[in-house]
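Read the structure below first, then the notes.
The values are calculated or read from the model by the stated rules, or taken from the named source; none is laboratory data. It should be emphasised that the depicted structure is a prediction, and the values quoted were computed from it without experimental measurement. Heads up, the Cβs are rebuilt from the backbone with ideal geometry, glycines too, and the neighbour counts pull from every protein chain shown.
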Amino acid sequence: MFSTLEALPSDAILKLIAEHASDARSEKVDLGVGVYRTEQGETPVLASVKKAERQILETQTSKTYLGSGGDPEFNLLSQQLTFGDDVAAERITTLQTPGGSGGLRVAAGLVLRARRDATVWHSNPTWANHVPLLGGAGLNLKPYPYYDYESRSLVFDQMMDRVNAIPEGDLVLLHGCCHNPTGMDLSQSQWKELAERIAARKLLPFVDMAYQGFANGIKEDVYPIHLLAGMVPEMIVVTSCSKNFGLYRDRVGSLSFVCSNAETAATVRSQAHNLVRTMYSMPPDHGAAIVREILGNPSLRAEWVAEVDGMRARLKNMRVSLVAALRREAPDHDFSHVEQANGMFCFLGISEPQVERLKKDCGVYMVNSSRINVAGITPGNVDYLAKSIALVL
Ligand code: LMR
């Protein structure tokens with residue numbers, strides 16, 4: 001049976017992890033996969049997470065099943081983190097999911113059950129796994145314009161023109177903040193304009209929030225979600241705890257359906273639980289228990305918020321440092337767009353052969369599109385990085 005299968009190429013982002021790991025050069029730089037790194041280039045377990053884990057170890061009395069929706073307390077706290085008190089809780093149903101990806105996959109299954117012929121409109125470009133994941137689940141996908149590579153900026157007017165032509169009932173996939181891969185987010189006034197258009201055209205917002213806290217702050221970054229939730233009857237929101245809690249491999253996320261009333265929310269919940277039961281039965285608990293401990297304990301929560309603030313500040317500092325170093329090393333080239341982006345990513349704006357040369361000649365790793373993870377930049381490597389980039393320009 002298995003001889004009928006053809007080998008597939010490795011995932012473009014994940015393969016960079018192995019390539020960088022097997023590079024023996026001491027000056028190598030990893031700007032590939034989206035994980036946070038300290039000034040020492042490490043991805044440590046957050047202090048708040050360590051404390052929560054200790055508490056769980058001491059107080060957990062059972063590891064019995066929790067059910068397809070996961071831990072109800074995690075779900076409530078996660079829902080509040082995303083929606084605050086702005087939306088009546090009975091209109092929302094939230095499930096704990098295996099990372100943001102698990103949430104996207106369950107959301108896709110539910111959309112297919114509700115309206116098989118709906119199309120999900122995604123930004124061009126978008127996270128490299130959005131189309132494979134959602135398309136692989138069976139959804140129709142189409143792009144809307146988002147970014148112009150030449151001017152290295154958003155194309156909001158073109159985006160709005162396309163949104164204006166999307167048929168009623170289709171879904172619009174939006175990055176809650178820290179757009180991946182461009183790092184370019186809409187301004188508040190652009191979000192307002194977009195939300196009005198989405199509401200007027202009776203479209204369903206489908207928000208992927210993977211970087212809450214990395215743009216402007218934990219509370220500030222959910223602005224578009226609050227705005228949309230106040231304007232549309234139905235909406236889907238997926239969150240990830242991979243980056244802001246540093247729980248990458250523990251697989252923690254949430255999926256919320258905002259419904260027009262409590263009765264519909266209960267029906268959607270029953271469908272979503274059924275979908276989960278038929279896919280992976282139940283989500284893993286450990287990471288979600290950590291998040292529950294942190295969000296439910298005021299002092300741990302404050303410690304976590306401060307840790308996220310620290311990560312955000314470091315990312316912003318590294319953008320500034322890289323642009324300054326590039327101004328010195330490549331004065332004829334303008335990289336100021338790097339400073340304008342939010343979160344971990346942006347495009348450097350160099351060609352694929354230049355990306356390849358950086359890897360081969362300098363041990364600098366990034367995605368072929370020239371997407372860089374600025375968390376891989378440190379005070380110790382920023383000059384080498386800028387010199388390497390200047391070399392291939
Ligand atoms: C990324 O875009 O690098 C991250 O979201 C990790 C991943 O799974 O692709």
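Some observations on this one:
- Matching entry among VAL291, VAL323 (being among the aliphatic types (A, V, I, L, M), touching an Asp or Glu at 6+ places or on another chain (Cβ under 7 Å) and over 27 Å from LYS15 (Cβ atoms)): VAL323
- Taking segment 373-393 as the range and being touching a helix residue (DSSP H, G or I) at 6+ places or on another chain (Cβ under 8 Å) and either among the aliphatic types (A, V, I, L, M) or closer than 24 Å to HIS179 by Cα (or both) as the test, the residues that pass are VAL374, ALA375, ILE377, THR378, VAL382, LEU385, ALA386, ILE389, ALA390, LEU391, VAL392, LEU393.
- Condition check for PHE335: farther than 28 Å from LEU76 by Cα, among the aromatic types (Phe, Trp, Tyr) and under 20 Å from the mean Cα position of the chain (by Cα): no
- Identity of the residue in segment 11-27, among the aliphatic types (A, V, I, L, M) and over 15 Å from ILE372 (Cα atoms), that ends up farthest from the ligand (Cβ to nearest atom): ALA24
- Across segment 62-69, not a single residue is classified as within 16 Å of the ligand (Cβ to nearest atom) and basic (Lys, Arg).
- Residue check for ALA265: away from the ligand (no atom under 16 Å from the Cβ) and at pLDDT 95 or above: yes
- Members of segment 339-352 that are more than 16 Å from the ligand (Cβ to nearest atom) and either buried (at least 22 other Cβ atoms within 10 Å of the Cβ) or over 10 Å from ARG319 (Cα atoms) (or both): GLY349, ILE350, SER351, GLU352
- Among residues that are of a type in the set (D, E, K, R), modelled with pLDDT under 95 and within 16 Å of the ligand (Cβ to nearest atom), ASP30 is not included.
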